[in-house]
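Report on one structure; see the data block that follows.
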Amino acid sequence: MDYTPHTEEEIRAMLEKVGVETLEDLYAHLPEEILNPPIHLPDPMPEWAVLEELSRLAGENLPARKAFLGGGARFHHVPPVVQALGSRGEFLTAYTPYQPEVSQGVLQATFEYQTMMAELTGLEVSNASMYDGSTALAEGVLLALRETGRMGVLVSQGVHPEYREVLKTYLEAVGASLGTIPLEGGRTPLVEVPEEVGAVVAQNPNFLGALEDLAPLAEAAHRAGALFVVVVDPLSLALLKPPGAYGADIAVGDGQVLGLPLGFGGPHFGFLVTKKAFVRQLPGRLVSETVDVEGKRGFILTLQAREQYIRRAKAKSNITTNAQLTALMGAMYLAALGPEGLKEVALKGVYMAHRLQELLLTLPGVEAFTPKPFFQEFALRLPKDPLEVRRALAKRGFHGATPVPREYGENLALFAATELHEEEDLLAFREALEEAL
């Protein structure tokens, strides 16, 4: 049955208020093909026939051997233990743990997640995760603006362009300004930070894959009274100096590389870690350890700064049920590998990425663009349109050549290699790219 929360009287009052006679009049400005599109449905079919048709359609998907796509989401091994634990009912139904007395498992797992993210980033306090990397960045920048009381943001061009688009949307809503630091030689140069800036943002490794020395920029931000926000690849922190060690006040990023499969843009989770001094500005929620009335160890939601818990004007964010399951899967991945396992995964990917670049640069017309050293992704300049190349590679059974926006240059594409690639995979991909070009 239909569920309409509004009475006829309420609907008439609303229509009168906006100055139209019917609900249809509200949409009269839209083209007819949008309002009432023709729908061509096949004749009814038995269930078995529908399943056969769906299988046939699925069979038209082009299988790929191994993916070489870059751009922040990569093809990594997902240990079966992560999938097994993540499939347990108490995690699959992960929702806001309103009642700690019946949510100790999820709360403890979240507490462990927070601990691991703090250790990875070298900062003191992690929240219980965000939606994805881009919204984590936006929330981290808003945190910095609230803390400094300023309304200016300076962001490196090395930050993922999609992240910058999301950040721009958030900042427009609060009336903050956004300036860009253009890259020089594929890296972020040192600039003077204006006094109206409350947040300086950079990424390491940057969008083009290059490693950045961000300590001087952090010092420049602090001299101007701004906070320094860094977007990081969490897997890279198994090898690189953590952001807390080179002056970052806030570290954010995306956790897809921590045991999450690739699937049509997801799933993801965002992380946000900061200094203890800024904990009152932290969005989302914070799980903490405590003791019950009998002195037994327990876990509770210490901080709940979203609008459902407190007055909207005082809320730090409107984030609701975050990407809890995927964040817990990230914690399971980190626990399964441990520090040494994570380092081995990162090192293998670094080696394979540099070897892949070496092989691809032997192709006519292919030029290096990302300066060395880089992590597991790098950009090349191709002699043909990258989107055309990507389509040609897909027909040959490979996913590769992520087109780079033209703001960075013409005919640029990102490539990635990880621990899942071996020499024969790289040679086969080189052959396919040679044919595609």
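Values as computed for the structure displayed
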{"item": "FRET efficiency for Leu347 and Leu190, using Cβ-Cβ distance with R0 set to 35 Å, rounded to 0.05", "result": "0.75"}
{"item": "Evaluated over the range 36-158, the Cα radius of gyration and Dmax, each in Å", "result": "22.6, 63"}
{"item": "Hz values of 3J(HN,Hα) by residue in the range 21-30 - Karplus curve (6.51, -1.76, 1.60), Gly and Pro given as x", "result": "9, 10, 5, 4, 5, 5, 10, 5, 7, 7"}
{"item": "Set of aspartates and glutamates near Lys66 by C-alpha distance (under 16 Å), chain-local residues within fewer than 8 positions excluded", "result": "Glu377, Glu419, Glu422, Glu423, Glu424, Asp425, Glu431"}
{"item": "For Leu69, residues with placed amide H under 5 Å, excluding near neighbours", "result": "Ala416"}
{"item": "Cβ-based charge dipole, the chain, positive-most Cα from Ala199, His6, Ala128", "result": "Ala199"}
{"item": "Dipole in debye (nearest 20) - the chain, about Cα centre, beta carbon charges: Lys, Arg +1; Asp, Glu -1", "result": "1420"}
{"item": "Label-point gap, in nm, between Glu435 and Thr169 - each point 7 angstrom along Cα→Cβ", "result": "3.9"}
{"item": "Gain in span if fully extended, Ser87 to Glu407, counting 0.36 nm per residue against the direct Cα distance", "result": "111.0 nm"}
{"item": "The chain - Rg (one decimal) and Dmax (whole number), Cα, Å", "result": "24.5, 73"}
{"item": "Accessible area of the range 243-359 belonging to carbon and sulfur atoms, whole % at 1.4 Å probe", "result": "55"}
{"item": "Computed label-point distance, nm, for sites Arg280 and His29 using a 7 Å Cα→Cβ extension", "result": "4.4"}
{"item": "Cβ-based net charge around Arg187, under 13 Å, with every Lys or Arg adding one and every Asp or Glu removing one", "result": "-2"}
{"item": "Dimensions (Å) - the range 117-251, Cα atoms, principal axes, largest first", "result": "37, 36, 27"}
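The values are calculated or read from the model by the stated rules, or taken from the named source; none is laboratory data. Predicted model, so just to flag it, every value in this text is computed and none were measured. All Cβ positions, even for glycine, are placed from backbone atoms using ideal geometry, and neighbour counts span all protein chains on display. Accessible surface is based on the protein model in full, side chains and every heavy atom, while ligands, DNA and RNA are left aside. Shrake-Rupley method; radii C 1.70, N 1.55, O 1.52, S 1.80 Å.
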